[in-house]
1. Could you work out the equivalent-ellipsoid semi-axes for segment 81-198, taking the square root of 5 times each eigenvalue of the Cα gyration tensor, largest first, in whole Å?
2. Be a star and scan segment 375-417 for residues whose amide nitrogen sits under 20 Å from the point 7 Å along the Cα-to-Cβ vector of GLU449.
3. Label-point separation (nm) for ILE378 and ASP266, each offset 7 Å from Cα along Cα-to-Cβ?
4. So in the chain, what percent of DSSP beta bridges are antiparallel if you round to the nearest 5?
5. Report the dimensions of segment 132-272 along its three principal axes from the alpha-carbon atoms, largest first, rounded to Å.
6. Below 9 angstrom from the Cβ of VAL291, what's the summed charge of the other residues (Lys, Arg +1; Asp, Glu -1)?
7. Give the total of Lys-Lys pairs in segment 278-457 with Cα-Cα distances below 24 Å; include a pair only if its members are 8 or more places apart or on different chains.
8. Testing the spin-label approximation: label points 7 Å from Cα along Cα→Cβ at SER441 and ALA230. State their distance in nm.
Amino acid sequence: MPAKTSKRQPARELLFGNLWEYDPAPETASPQLQSRYQLFIDGKFTAPKTKKYFPSISPRNEETLAEIALAGAADVDAAYAAAAKAFPAWSKLPGAERGKYLYRIARLLQDRAREFAVAETLDGGKPIKESRDFDVPMAAAHFFYHAGWADKLNSVTPGKTLAPLGVVGQIIPWNFPLLMLAWKLAPALACGNTLVLKPAETTSITCMKFATLLLEAGLPPGVVNFVTGAGETGAAVVNHPTAKKIAFTGSTAVGKSIQHALAGTDKKLTLELGGKAANIVFEDAAIDQAVEGIINGIFFNQGHVCCAGSRLLVQESIADRVLAKIKIRLRSLRVGDPLDKNTDIGAINSQKQLEKIRELVDAGVNEGAELYQPACSIPSKGFYYPPSIFSGVTLSQHIAREEIFGPVLSILTFRTPEEAIEKANNTAFGLSAGVWTDKGSLILKMSTELKAGVVWANTYNKFDPTSPFGGFKESGFGREGGKQGLLEYAQLI
Ligand code: NAI
Ligand code: MG
């Protein structure tokens, strides 16, 4: 039989091994970067009063892309003053007129989609196919959708009209920089608020490029203001007395500190925080389809996704089969240069995040779970981590409880739907979940009993501006998207 084996080997290699090589296919559109980005206050690019700048590096190769202005308290103050000055005129503008600005912004973003996609990939490390096909089009879709609402605010809640809150402060994370900016800006502007937004310190570039697009759209000065910096700047945005509402997306730890800071004030607050979603596969599911959903659920955007399907719950009777199929699929994922159109898993956003992933994977190994990582070549410069799965995971282990926010899947098993529900809900989080089964009744049962803001059935990571997104428990509160998202930026009159 040895002859047979040696004949078969090349075919398998061809499918899953080293022979499956593509030529590099780097994206060539120019990201139009500047060497230095200022603050965007009152419709003007303004040097920070701190006179300080910090580098934004590319996690792809650790090269500095640009210098970003560091906003201090006085700069945040100026941004709020500009937003307060712009509020009366902007909020009194007929909704249809505000809608026109939003449509214009959406179209301008579409016009410059390639440029924005490359900038997003360079600054944040996500694969170009994701920034090109998901982040940028979805950001534009949010502006289109909310443009449509701007003149229909009196029909959101029949008998009542939505009125703006005033000036809002918004803080966004680094995993979907442009998309989170769109999630925050579009509903706030549609409702007639003005705003001060702070992007994350490792990914400020597309936000500052967006400012040029707002200028092109002719948005009145002060309606949108961008301040850049890290936690201290964020705290100044949160604590400013002019803010009528704070909208935050980021870690649960910072979310909790913001909730403490706002206790006793009359500021509204929405928090979109971490997650540890269960992706649940029943024995009657279409297995190959489920495997694709599992892979997409955890490896999309290197696993830097708050709703990532990071805990796979698979029914015991099919566990071995599913695990074998996941391992095969893992070997065909391409890790490397995010600017290459063939790349599936790009760069980890920062050195800090890479260290966190390593720490949690070490904890998983030390606590007795079984780690599998396919052999893959990783660029020598930049921050990269191979796709990883842990089997034999128990609920008490760190890798089953904490948000790893990296390309690491923890696999657990269950026997009955009741056990699956109990295990899925046994977490501090409650942002999302996935259910894979052929039975409609089981989907209904699971989606009712899972404590998660979004439950996907026979799919995963599907988003739409019309669909509200948000969490339970330590995943936060408030919704973004849909009518529910509009209500978070309005008062009813
Ligand atoms: P982070 O929560 O510190 O960063 C998110 C945003 O909050 C950034 O813009 C940051 O500058 C700002 N920020 C930081 N401290 C602040 C403060 N005291 N007041 C106001 N704003 C503040 O998250 P970090 O440290 O970058 O990531 C740590 C972990 O958090 C990740 O490993 C991941 O598990 C989780 N995370 C979850 C996100 C989600 O979408 N659910 C997004 C980002 C991080
Ligand atoms: Mg960067």
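Read the figures in this text as sums done on the coordinates, not as results from a lab. In this text the structure is predicted, and so the values were computed from the model without any measurement. Every residue, glycine among them, receives a Cβ derived from its backbone with ideal geometry; neighbour counts consider all protein chains shown.
1. 28, 16, 12
2. Those under the cut-off are 395, 412-417.
3. Distance between label points: 5.3 nm.
4. 30
5. So the three principal-axis extents are 39, 36, 27 Å.
6. That works out to 0.
7. Summing the qualifying lysine pairs gives 12.
8. About 5.6 nm, to one decimal.
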